[in-house]
1. With labels modelled as points extended 7 Å from the Cα through the Cβ direction, what inter-label distance (nm, one decimal) is found for V261 paired with S159?
2. Using the Karplus equation 6.51 cos²θ - 1.76 cosθ + 1.60 (θ = phi - 60°), what ³J(HN,Hα) coupling, rounded to whole Hz, does each residue of the range 110-120 give in order, writing x for Gly and Pro?
3. Under 5 Å between amide hydrogens, which residues at least 5 positions from V65 or on another chain qualify, with H placed 1.01 Å from N in the peptide plane?
4. Can you list the residues, at least 5 places off or on another chain, whose amide H is less than 5 Å from the amide H of L297, using H built in the peptide plane?
5. ³J(HN,Hα) across the range 146-159 via Karplus (A = 6.51, B = -1.76, C = 1.60, θ = phi - 60°), whole Hz, x for Gly/Pro?
6. Can you sort D275, D152 by how many other beta carbons sit within 10 Å, fewest first?
7. How long is the gain from A131 to E97 if the chain were fully straight, where each residue apart is worth 0.36 nm and the alpha carbon distance is subtracted?
8. With charges set only on the Cβ (+1 for Lys and Arg, -1 for Asp and Glu), what does the dipole of the range 57-144 come to about its Cα centre, in debye to the nearest 20?
Amino acid sequence: MRRARAAALSKAAVRGRVISGATTPAANVHARVETGRGLLAGAASADTQPHMSALAGKRGLIVGVANKRSISWAIAQAAAAAGARLALTYPNERLEENVRELAATLKDAVVLPCDVTSDSQIDALAASLDAEFGGLDFCLHGAAFAPKADLDNPVWQASREGFRVALDVSAYSLIGLTRAVVPLMKKSGGGSVLTLTYIGSERVFTNYNLMGIAKAALEASVRYLASELGADNIRVNAISAGPIKTLAAMGIRNFSSIRDVYKERTPLRRNIELDDVADAASFLLSSASRGITGEILMVDAGFHVMGGA
Ligand SMILES: NC(=O)c1ccc[n+]([C@@H]2O[C@H](COP(=O)([O-])OP(=O)(O)OC[C@H]3O[C@@H](n4cnc5c(N)ncnc54)[C@H](O)[C@@H]3O)[C@@H](O)[C@H]2O)c1
């Protein structure tokens, strides 16, 4: 049975198909045999490691790690534990050391600069990834920012410049990054792009303000990109996460009170934690989700189904 499955996986890899992985507990993956890179590496290890992970041998880009509380860091850890080789980025010198320290705890991770507001840095990032990995299987986009004054202001008082910056960093950057990684994903026979959003894109949440508008643009971008890139077997999805205490979240006034509301009102009667998002992300980044694109997956303990009463 095991042999037949391994043989089928090897055949599929030789044909260049994206391989759907199995159900490995992350810890087992560390024991897999390192035989090379990419798709074929995953298939080859299946001969000796029948519990191959869905991300084994995959090469991924992670944008949005600031510190150990970052959602992108939780996703990076889950993807690495599932066998992926990663490149992590930092946007500026201030965060470089943090990202390098975290990346050093992963196996063979690469650290590269990328301020997502800079086309030249995005292009340089893609060139470095090509040189290092020779292709790319997935990309996590976890960057967001709005100037503090504009985030604190009601939307009707947002400045033109604040609006521009918020939309550039938090929404356009998905398009810019995707454009840069498409050639690398084409080399790999396809890929998965994932971004992070919040339900404030479709409903009004006190203090979410300008970021709600940026997230609406981000989610619309997911749908257009998914439709345009599907023919190249490149999927584009988003996770809409419930509130989690991170650096970005602490920029939203009274953030803790949002978590209190979730705890009371979600069907699961609890808040979302980093590992809830990381597990869902591992699924969407892997070929286990190969039939899913253009999706905004709600990882919010069910909050979105509740009415007002
Ligand atoms: N924390 C939450 O409650 C929550 C809920 C839903 C969605 N999200 C989204 O998750 C994503 C990650 O945020 P987080 O909560 O982990 O906070 P975080 O502060 O850890 O991550 C935000 C990241 O954006 C990066 N960034 C900002 N400007 C950048 C630039 N110019 N170039 C490159 N990177 C830049 C920061 O360096 C940081 O790593 C964001 O899109 C956020 O809106 C967060």
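1. Placing both labels 7 Å beyond Cα along the Cβ direction yields 2.8 nm.
2. Karplus-based 3J(HN,Hα) across the range 110-120 equals 9, 10, 9, x, 6, 8, 6, 8, 10, 4, 5 Hz.
3. Distant-sequence amide H within range of V65: T89.
4. A238, I239, S240
5. So the Karplus estimates, Gly and Pro as x, are 9, x, 3, 4, 6, 6, 6, 6, x, 4, 5, 10, 5, 7 Hz.
6. Ranked by crowding around the Cβ, least crowded first: D275, D152.
7. Between A131 and E97, full extension yields 9.9 nm more.
8. The dipole of the range 57-144 has a size of about 440 debye.
Rule-based calculations on the coordinates, nothing more; no lab input. Since this is a predicted model, take the numbers as computed values, not measurements. Here Cβ is always computed from backbone atoms with ideal geometry, including for glycine, and neighbour counts include all displayed protein chains.
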